[in-house]
Amino acid sequence: MATALLIVDVQNDFTEGGALAVAGGDAVAEGITAYLAERAGDYDLIIASRDWHDADSDNGGHFAEEPDYVDSWPVHCVAGTEGAEYDPCWRPTPSPTTSAKDRASPPTRCSRGCRMPAAPSASCSRRTGC
Ligand SMILES: [Zn+2]
């Protein structure tokens, strides 16, 4: 039986310093990196999604000046911005497969044999000390 791992929206806007930051987000990203360094070979396919929005629209009501944090949100993960990039604490090499949500980037594949960083990146350490 084939196995797959889906990693969802580990992006700068959802971790410390981002537009919709979650406390501990960098630590989660670092944990994913550490997990995959040991266990990536357990999966036939590793897929990562990114939240990815247009800069010049409300994205179907997803963005709002007064968001309710249920159906509407402040501006986040705008295509081509730093906030839409993967958190620097999670930097697989090569990039994982991206989902259909990630329309602006061509998918690449990370499966068995991909090399994961052994330690958090320098940019992660500078930004958060994780
Ligand atoms: Zn969104």
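Computed from the coordinates by the stated procedures, all read-outs in this text should not be read as laboratory data. These numbers were taken from a predicted model, which means no experiment stands behind them. A quick note on method: Cβ atoms are made from the backbone with ideal geometry, for glycine too, and the neighbour counts reach across all protein chains shown.
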Problem - Estimated inter-spin distance, M1 and R39, nm [label 7 Å along Cα→Cβ] - result: 1.6 nm
Handout entry: Peptides ranked, highest mean first, by Cβ atoms within 10 Å: ranges 6-17, 49-60, 75-86
Key = 6-17, 75-86, 49-60
Exercise for the section: Kindly provide the pair-distance distribution of the stretch 1-49 built from C-alpha pairs, with 10 Å bins from 0 and whole-percent values in order of increasing distance. Expected result: 26, 47, 22, 5
Practice task
Please list the non-local residues whose amide H lies under 5 Å from the amide H of F63, H modeled 1.01 Å from N, same-chain partners needing a gap of 5 or more.
Solution key: W73
Handout entry: Cβ-Cβ FRET estimate between E82 and D58, R0 fixed at 30 Å, reported to 0.05
Key = 0.90
